[in-house]
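**Q** Below is a structure I'd like to ask you about.
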Amino acid sequence: MDRPRHQGMVKNTYMRWRLPLVCLLWEVAMIVLFGVFVRFGPEADAHWEEEKQELNLTSDMENDFYFRYPSFQDVHVMIFVGFGFLMTFLKRYGFGAVGFNFLLAAFGIQWALLMQGWFHSFKNGKILIGVENLINADFCVGSVCIAFGAILGKTSPIQLLVMTLFQVTLFSVNEYILLNLLHVKDAGGSMTIHTFGAYFGLTVTRILYRPNLEQSKDKQGSVYHSDLFAMIGTLYLWMYWPSFNSAISEHGDAQHRSAINTYCSLAACVLTTMAFSSMLQKKGKLDMVHIQNATLAGGVAVGTSAEMMLTPYGSLIVGSISGIVSTVGYVYFTPFLESRLHIQDTCGIHNLHAMPGLIGGIVGAITAAAATEDVYGKEGFIKAFDFTGVYQTRTPSVQGGFQAAGIVVSLLMAFVGGAIVGGILKLPIWGDAAAENCFEDEVYWEVPEDEESDVYHMHNPDKPTSP
Amino acid sequence: MDRPRHQGMVKNTYMRWRLPLVCLLWEVAMIVLFGVFVRFGPEADAHWEEEKQELNLTSDMENDFYFRYPSFQDVHVMIFVGFGFLMTFLKRYGFGAVGFNFLLAAFGIQWALLMQGWFHSFKNGKILIGVENLINADFCVGSVCIAFGAILGKTSPIQLLVMTLFQVTLFSVNEYILLNLLHVKDAGGSMTIHTFGAYFGLTVTRILYRPNLEQSKDKQGSVYHSDLFAMIGTLYLWMYWPSFNSAISEHGDAQHRSAINTYCSLAACVLTTMAFSSMLQKKGKLDMVHIQNATLAGGVAVGTSAEMMLTPYGSLIVGSISGIVSTVGYVYFTPFLESRLHIQDTCGIHNLHAMPGLIGGIVGAITAAAATEDVYGKEGFIKAFDFTGVYQTRTPSVQGGFQAAGIVVSLLMAFVGGAIVGGILKLPIWGDAAAENCFEDEVYWEVPEDEESDVYHMHNPDKPTSP
Amino acid sequence: MDRPRHQGMVKNTYMRWRLPLVCLLWEVAMIVLFGVFVRFGPEADAHWEEEKQELNLTSDMENDFYFRYPSFQDVHVMIFVGFGFLMTFLKRYGFGAVGFNFLLAAFGIQWALLMQGWFHSFKNGKILIGVENLINADFCVGSVCIAFGAILGKTSPIQLLVMTLFQVTLFSVNEYILLNLLHVKDAGGSMTIHTFGAYFGLTVTRILYRPNLEQSKDKQGSVYHSDLFAMIGTLYLWMYWPSFNSAISEHGDAQHRSAINTYCSLAACVLTTMAFSSMLQKKGKLDMVHIQNATLAGGVAVGTSAEMMLTPYGSLIVGSISGIVSTVGYVYFTPFLESRLHIQDTCGIHNLHAMPGLIGGIVGAITAAAATEDVYGKEGFIKAFDFTGVYQTRTPSVQGGFQAAGIVVSLLMAFVGGAIVGGILKLPIWGDAAAENCFEDEVYWEVPEDEESDVYHMHNPDKPTSP
């Protein structure tokens, strides 16, 4: 299994020295950089006792921790259990799905704390972190988990770590351009997380195109229980998405509103997904692939606008449309992308993140452009779009234009960045598996030899048993 | 599989046009009704910035969002993961359990926001929603999930959607009668959610009685891993039940007290369930059916009284009793209900929700009747039972009487409503499966053809393989 | 299966009267003791309405419920789903892992509320409980869940209940000595929970040494899906550990800081675990045992110091080291402990809790000893270490000494207590199984006879089928 030789290809998937080296070098670098740069922000520092008195705060409750920590924990579950288990649908890649997602996310959040810290929390030579930084690091890593969905089963853990390094960097640059230079609103990350993450991943998988992937066709499907494991991921993503979209919104009504809009959008999305899943199948049966994925499109598609006055019925409309687009995507676009454009998208992130992310960006631009002082109130209007300082004179329609520009920038960053990173990942030094060993945990994992796999081998007599 | 012909019965389970039609029509109706009626409540509206100043609120923390959102997310998990996975215990109905629960709950919360909104949050022609409405919508749908437990595996998705439509409506009417007309306290829903939901479901399944259900007897059991999946549901229901019972209690001590009472009741319930599960088996072994279900009865049985001064030891007593009643129910009542009363109760909701719900209603009535100013404090007494306005002169014993009346009303609504809805669901147009195809995902779902099911077929040579 | 006779050993595993008797007697005792002693604390009592006015509190938000309830729920999930599912990795002991953990934890939290209440919340003859007591009860039970890991699969449920009774008692005494007599800080319980719990469990399993355990060797492994179930436990422990370590820290910056330190430590721990898992395997493949367990060592190892000014890079260092130590432990120490010291540690708690717990205690002592007013601020310094009252004159270095003493006391309590309890558990009256029936659910559970187990039997023709 380690060094299979078929059809003239020799792939060395032996990880013993390469993976530890990358992990340990990286971790040492993190410790050094954290030592130089990262300190507790004022609300997590023991000096807060005194600062609190200076600020005349009467209650510890005013600490940002209590505004955001419950949402942070929900987001944390989405990244590790949500994305991790969503990808366990493959019959023989559950360890890789959960385990590599765990690795790259733990790897990514440290680097994201630094990258985002330099851009947004840098004061007097130090990055000052608090709970909002933890959420943003999780968000940043979310975009890597999305990209992982496209290349799931086809890459080595080292490739994933290398991709994470670059993608987190590019994410942070793109985020800085959008939030600070274009002054765009994107609390739930339709553009920064989903559009960028998905098109980045799709570009990478395009570069890594494997012409002989049908050799592992038998392992690309699910089994009954792997589909149930995947539903754990789906449901946690679905349930906690209101927390995701509201986690870093302004305190008070904005967080409240984001949660309501997302709740409504997701509910509507389930119905249209079920409808189209049944409608597009000759036998009229429901397809677990759609239920596991397209039901989540509603959360993606209100990512930008959830904290705006989208209104509950606006959310229902957006959710309904995105469920339809996403399900149609699974039935028609995914096969097309593979056969015509050579984009092999294992989890269908084009349907779950790319298209709904674009919808989300556009809906955000429209909602921003349509904002009025009447709808938001005089104070609320300024607060909702941060029309203060140099942006005091910006009008809603100009804001809408900048929002739209944010989509374009995210797409460009994703295509260019994905192409470069894809090129790097194509180097023959990272230990990826041969086409016939894709989607197979035994390449990188000790897999238990048990009854179940006896049966498995029994039905696959030509499959080599591991030594 | 789609159009089986056995014993003269022809059942058309083909969903291709019917299911999409129902889903899409419904969603369009929701969008229209939300567009006409639903708006953000004051705490989720951008005008809150100004309102906050008028109300002299010094902190965004006073937004109801921060009092209730963590509990809301726990309740949300209970509805979708809790109920969904609890029902995955069947060996070949995991997709249906999780998937149809997902569908009907997403369907139901939208309609519940409207129905409950018209009754409770209607101002100047608009329904104004906030986080408490989201919790209440989840609660309402919880009663549908309960009823689903009785008919699990025997109905088509369309029947479930039709049942949801009617049950949410009836739930809202019943809730209005109890909370507004009888001025009854029922924060955790022993009466409104559990008693109503369970007897409604039991009535429906009685009407839909299937005399030949033993034809699918082999599929009514569990397999090893399906029992573990079900334990995920059980544990999330058990752990988050303190949030369920406290989610809409008054801010402060009432929420705090509800959580403690529920925690205690559930802990006690586990011990008596284990005791009776072992005691009632000839071989003295524990039965997963009891552990999965009866351990939760303690949460149901303090639903009404948790926010009252039930006291921790009172909670232990209630929890202990309900665990015993529920386990005894599984061993003796469920077979009796099926053989004598023709009530086929797939998940045993009579034991988990109906009887403990009645206990909960009764305990609530007693606890209310026994309330004194001494125990609650002068202010606390008035606040706990809302003895203000026209209810200023109501005494605890009168309140106890009204609480008892609430049980009776809930039962009546459940029986009458369940009979009518059962009659509607009996119409031969909804696409339910024949008796021998009950508890089988292949009727409505694309099921992966894999090794595991090869084995399955190997051991079931007469089972038709899907084409 | 109930009364197997092999090799001259007769083991009576029949639970029908013993288990119910223990459970019911215990629960009655709990009800009586709760009735005599336990009442609602002031913040959960209905009199709080009046007390609030006396205290001039302007908001219900000041109720401790809102500071701690979200963290409590996370801790609750860790105890029941985290520990429960972490132990489902065994192929035929999933029911026992989740079910017995459920039983002993529900059993333990009631007794812990009393024991810890007498020591810490006793006023005027009553134990006054609030949300912090619930968290502490969960913490206490956490130490029992840890010890359960060492004896998993080898003990009867009655033995577990007896162990819980004694261990909770000893835990409370040890905790009282540390927190009240030595005035030690240990918010995340590196010493009180992990060091004590693990060495207690290891001593118990040493006393219960089974020389013929290789007779059930075939059942000590995992199967593919049981490893995925275990990952549910792992991830919930990992994700919610920041809540665990911050749950009972002081309001404000201390809770905030604990969460950040734990987040950082855990992230680093994943990388070094993956590195060493691959490095220590000849084939360089990753081992699920390490990923499931050693990735959590970082949370254990900052348990004492998380609320101190450990700083993010300090956390990275501690997390990195503990991941390495833990993984190395699984590869080298566990086999050594079994073959040389006759310590059969099913889950490897020595690697996950004992060694990282010691590291945590030591890091805590060093961090405390290194504290300065400069780093903490004048107010923060006093608050962080409670240097008030009789402790007003304690210096950091003295505090460090007392912290170190806390480790020694915890170890002594664990060894002595574990030896005594192990001796009690060795009595031949508790119904444990013979060596060849260890790690097998069929001894104590009704296990479904299904296709999957047909296959299982098919491949194990000499395995007796249950009657």
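The values are calculated or read from the model by the stated rules, or taken from the named source; none is laboratory data. No experiment lies behind these values; they were computed from the predicted model shown. Glycine gets a Cβ as well: all are built from the backbone with ideal geometry, and neighbour counts include every protein chain shown. What goes into the accessible areas is simple: the full protein's heavy atoms, side chains included, and nothing from ligands, DNA or RNA. Shrake-Rupley method; radii C 1.70, N 1.55, O 1.52, S 1.80 Å.
**Q** Based on the Cα gyration tensor of the stretch A:306-430, what are the three equivalent ellipsoid semi-axes, each the root of five times an eigenvalue, rounded to whole Å and given largest first?
**A** 35, 20, 10
**Q** Given the pairs A:154/C:91; A:219/A:426; A:283/B:154; B:219/C:11, which are separated by over 25 angstrom at their Cα positions?
**A** A:154/C:91; B:219/C:11
**Q** With +1 assigned to the C-beta of every Lys and Arg and -1 to the C-beta of every Asp and Glu, and no other charges, what is the dipole magnitude of the protein assembly as shown about the Cα centre in debye, to the nearest 20?
**A** That gives the protein assembly as shown a dipole magnitude of about 2580 debye.
**Q** Using modelled backbone amide H atoms (1.01 Å from N, in-plane), which distant-in-sequence or interchain residues come within less than 5 Å of residue C:127's amide H?
**A** HN-HN under 5 Å from residue C:127: C:38, C:39.
**Q** How large is the Kirkwood hydrodynamic radius of the stretch C:356-424, counting all unique pairs of alpha carbons, in Å?
**A** Computed over the stretch C:356-424, the radius equals 13.5 Å.
**Q** Helix C:253-279 versus the longest principal axis of chain C: what angle, 0 to 90°, nearest 10, using Cα atoms?
**A** Approximately 30 degrees, to the nearest 10.
**Q** Per-residue ellipticity at 222 nm for chain A, helices alone: DSSP H runs ≥ 4 residues times -39500 (n - 2.57), over residue total, nearest 500 deg cm²/dmol?
**A** -19000 deg cm²/dmol
**Q** While we're looking at this one, here's another question. With a 10 Å radius around each residue's Cβ, average the other Cβ atoms per peptide and rank C:373-384, B:288-299, highest first.
**A** Answer by packing, highest mean first, reads B:288-299, C:373-384.
**Q** Sticking with this one: Heavy-atom accessible area of residue C:218 with all protein chains present, probe 1.4 Å, nearest 10 Å²?
**A** 80
**Q** Ranked from highest to lowest mean number of other Cβ atoms within 10 Å per residue, what is the order of the peptides B:11-19, C:336-344, A:113-121, B:243-251?
**A** Final packing ranking: B:243-251, A:113-121, B:11-19, C:336-344.
**Q** When the Cα centres of the stretch C:217-260 and the stretch B:304-366 are compared, how far apart do they sit, in Å?
**A** After rounding, the separation between the Cα centres reads 33 Å.
**Q** Say the dipole of the protein assembly as shown comes from +1 at the beta carbon of Lys and Arg and -1 at that of Asp and Glu; which of A:33, B:209, B:238 then lies farthest toward its positive end?
**A** Farthest along the dipole direction, towards plus: B:209.
**Q** Let me have the relative contact order for the stretch B:12-445, percent, based on Cα pairs under 8 Å that are six or more residues apart.
**A** 23
**Q** Divide, for the stretch C:229-287, the radius of gyration over alpha carbons by 2.2 N^0.38 Å, where N is the residue count.
**A** Cα-based Rg divided by the globular estimate yields 1.44.
**Q** How large is ³J(HN,Hα) for each residue in the stretch C:194-209, as worked out from phi by the Karplus curve 6.51 cos²θ - 1.76 cosθ + 1.60 (θ = phi - 60°), to whole Hz, x for Gly and Pro?
**A** My calculation for the stretch C:194-209 gives 7, 4, 4, x, 6, 5, 4, x, 5, 5, 4, 5, 5, 5, 8, 3 Hz in order.
**Q** In terms of modelled amide H atoms, which long-range or inter-chain residues lie less than 5 Å from the amide H of residue B:59?
**A** The answer is none.
**Q** Binned at 20 Å from 0, what are the whole-percent values of the Cα-Cα distance distribution for the protein assembly as shown, short to long?
**A** Spelled out bin by bin, the protein assembly as shown gives 11, 42, 39, 8, 0 percent.
**Q** For the stretch A:115-262, how big is Rg over Rh, using alpha carbon atoms and the Kirkwood form of Rh?
**A** With Rg and the Kirkwood Rh in hand, the quotient comes to 1.02.
**Q** If you take each beta carbon of peptide C:96-103 and count the beta carbons of other chains within 10 angstrom, what is the mean?
**A** Averaged over the peptide's residues, the number is 5.
**Q** In whole Å, how far is the Cα centre of the stretch B:146-189 from that of the stretch A:147-188?
**A** Distance between centres, Cα-based: 45 Å.
**Q** Hey, any idea what the orientation-averaged projected area of the convex hull of the stretch C:1-151's Cα atoms comes to, in nm²?
**A** 11.9
**Q** Could I ask something else about it? Count, for each residue of C:281-291, the Cβ atoms from other chains sitting within 10 Å of its Cβ, then give me the mean as a whole number.
**A** Counting other chains' Cβ atoms within 10 Å and averaging over C:281-291 gives 6.
**Q** Turning to a different aspect of this structure: Taking every DSSP beta bridge that has both residues in the protein assembly as shown, what percent is antiparallel when rounded to the nearest 5?
**A** Just about 55 percent of them are antiparallel.
**Q** How big is the charge dipole of the stretch C:230-353 about its Cα centre, in debye rounded to the nearest 20, if each Lys and Arg gets +1 on its Cβ and each Asp and Glu gets -1 on its Cβ?
**A** 460
**Q** Right, something else. About the Cα centre of the stretch B:12-445, what is the dipole size in debye to 20, counting +1 per Lys and Arg Cβ and -1 per Asp and Glu Cβ, all else neutral?
**A** Here the stretch B:12-445 has a charge dipole of around 1500 debye.
**Q** Considering only protein heavy atoms, with the full assembly of protein chains and a 1.4 angstrom probe, order B:327, B:203 by accessible area, largest first.
**A** My answer, sorted largest first, is B:203, B:327.
**Q** Using a Förster radius of 22 Å, what is the FRET efficiency between residue B:21 and residue B:424 based on their Cβ-Cβ separation? Nearest 0.05, please.
**A** 0.80
**Q** Another question about this same structure. With the convex hull built on the Cα atoms of the stretch B:104-184, state its orientation-averaged projected area in nm².
**A** 5.6
**Q** I want to verify the translational diffusion coefficient of chain A in µm²/s; compute it with Stokes-Einstein, Rh as the Kirkwood radius over Cα pairs, at 20 °C and 1.002 mPa s.
**A** Translational diffusion coefficient: 93 µm²/s.
**Q** How much accessible surface does residue A:287 have with a 1.4 Å probe, in Å² rounded to 10?
**A** The accessible area comes out at roughly 30 Å².
**Q** Once each part is reduced to its C-alpha centroid, what is the distance from the stretch C:264-296 to the stretch B:35-56 in angstrom?
**A** After rounding, the separation between the Cα centres reads 50 Å.
**Q** Take the Cα coordinates of the stretch C:242-394, assign each an equal point scatterer, and use the Debye formula without solvent to give log10 I(q)/I(0) at q = 0.08, 0.19, 0.20 Å⁻¹.
**A** So the normalised log intensities work out to -0.26, -1.03, -1.11.
**Q** Note down the relative contact order for the stretch B:44-173 as a percent, whole number, built from C-alpha pairs under 8 angstrom at least six residues apart.
**A** Normalised by residue count, the contact order of the stretch B:44-173 is 28 percent.
**Q** Kindly report, to the nearest 10 Å², the accessible surface of residue C:279 as traced by a 1.4 Å probe over protein heavy atoms only.
**A** Its accessible surface works out to 40 Å², give or take rounding.
**Q** Additional query: Could you pull out every residue, at least 5 positions away or on a different chain, whose amide H is within less than 5 Å of the one on residue A:11? Hs are placed 1.01 Å off N in the peptide plane, and Pro or chain starts have none.
**A** Amide H to amide H, under 5 Å and 5 or more residues apart or across chains, residue A:11 pairs with nothing.
**Q** Can you give the convex hull volume of the alpha carbon atoms of the stretch A:181-262 per residue, in Å³?
**A** In the stretch A:181-262, the Cα convex hull volume per residue is 114 Å³.
**Q** Right, next: Rg and Dmax of the stretch B:141-209 over Cα atoms: what are they, in angstrom?
**A** Answer for the stretch B:141-209, Rg first and Dmax second: 12.4, 38 Å.
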